[in-house]
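Enquirer: Here it is, the structure in full.
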Amino acid sequence: MTASEVPVDRRKPAAVVWRNRAIAAVALLAVLVVAYLILAAFLPRWWAQRLASAVDGSFAKGIGWGLLYGGVGTALTLFLLLAAGLGWRRRGGRFLAGAAALLALLAAIPNLLTLTVVLGTSDAAHAGERILDVDAPAFRGAALTGAILAAVLFAAAAALLARRGIRRRRGAGRVVEPAAGKPATDSGGL
């Protein structure tokens with residue numbers, strides 16, 4: 001190797017790399033804050049209007065839609081998260097667990113939007129509460145009831161799965177041995 005063949009290090013200095021990363025992080029943070037402010041002003045009112053058009057002022061529809069959104073949304077979210085947790089260490093499990101977690105997030109969106117209306121402090125959340133009070137009666141209470149029922153169902157299913165796992169681990173540790181004092185006998189082909 002001659003002096004002219006010495007490899008030249010063409011990497012950027014570490015300070016430049018970290019400066020670029022910091023600028024990118026600040027820009028991403030600014031975009032996220034602006035997106036949050038826009039969505040916080042828009043989503044609660046929009047979601048309340050979607051619910052109001054579905055319920056159309058009916059108590060029975062409000063209860064039905066509330067139980068559906070609260071119950072199914074919560075149950076689906078919790079069971080998908082359970083599936084993600086149980087499948088994490090299996091073959092292909094990380095991909096499937098990630099997909100299940102993403103689906104759980106998507107299933108939770110209606111309940112999260114309802115929470116932004118109910119617990120939000122913005123003007124859009126207060127407008128959404130008024131819309132739900134007038135045009136979607138009984139929705140909020142039914143959604144809460146459905147979510148509680150789904151959580152109880154999930155807790156029972158998780159307890160059964162945990163019990164099955166405990167029994168399986170206990171059973172795997174036991175080895176069934178033949179009785180020591182009794183010789184094996186042949187029944188003579190009965």
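Enquirer: Could you give the dipole magnitude of the stretch 19-129 about its Cα centre, charging the beta-carbon of Lys and Arg +1 and that of Asp and Glu -1, in debye to the nearest 20?
Expert: 740 debye
Enquirer: What does the charge dipole of the chain about its Cα centre add up to, to the nearest 20 debye, if the Cβ of each Lys and Arg holds +1 and the Cβ of each Asp and Glu holds -1?
Expert: 960 debye
Enquirer: Something else about it: What is the Cα coordinate range of the chain on the first, second and third principal axes, sorted by size from largest, in whole angstrom?
Expert: 87, 86, 24 Å, listed from the longest principal axis down.
Enquirer: What's the magnitude of the charge dipole for the stretch 81-147 around its Cα centre, counting Lys and Arg as +1 and Asp and Glu as -1 at the beta-carbon? Answer in Debye, nearest 20.
Expert: 720 debye
Enquirer: Go through Leu68, Leu82 and list them by solvent-accessible area, largest first, probe radius 1.4 Å.
Expert: Putting Leu68, Leu82 in descending order of accessible area: Leu68, Leu82.
Enquirer: Given the options Leu112, Leu132, Leu37, which has the most mean-square fluctuation in a GNM of the chain, springs set between C-alpha atoms less than 10 angstrom apart?
Expert: Highest fluctuation among the options: Leu37.
Enquirer: Can I ask one more? Looking only at Phe79, Phe139, Phe95, which one moves most when the chain is put into a Gaussian network model with springs between Cα atoms under 10 Å?
Expert: In the Gaussian network model the winner is Phe95.
Enquirer: If you count only protein heavy atoms with a 1.4 Å probe, what accessible area per residue comes out for the chain, rounded to a whole Å²?
Expert: Result: 74 Å² per residue.
Enquirer: With loop defined by DSSP as not H, G, I, E or B, and exposure as at most 14 other Cβ atoms within 10 Å, which is the longest segment of the chain clear of exposed trypsin sites (Lys or Arg not before Pro)?
Expert: Answer - 92-173.
Enquirer: Shifting gears a bit: Put Thr116, Thr74 in order of accessible area, largest first, 1.4 Å probe: what do you get?
Expert: Largest accessible area first, the list is Thr116, Thr74.
Enquirer: Report the residue, chosen from Ala22, Ala136, Ala41, that carries the largest GNM mean-square fluctuation when the chain is represented by alpha-carbon nodes joined by springs under 10 Å.
Expert: Ala22
The values are calculated or read from the model by the stated rules, or taken from the named source; none is laboratory data. It should be emphasised that the depicted structure is a prediction, and the values quoted were computed from it without experimental measurement. Note: ideal-geometry Cβ built from the backbone for every residue, glycine included; neighbour counts use all protein chains shown. Quick note on the areas: whole protein, heavy atoms, side chains included, nothing else; ligands and nucleic acids left out. Shrake-Rupley method; radii C 1.70, N 1.55, O 1.52, S 1.80 Å.
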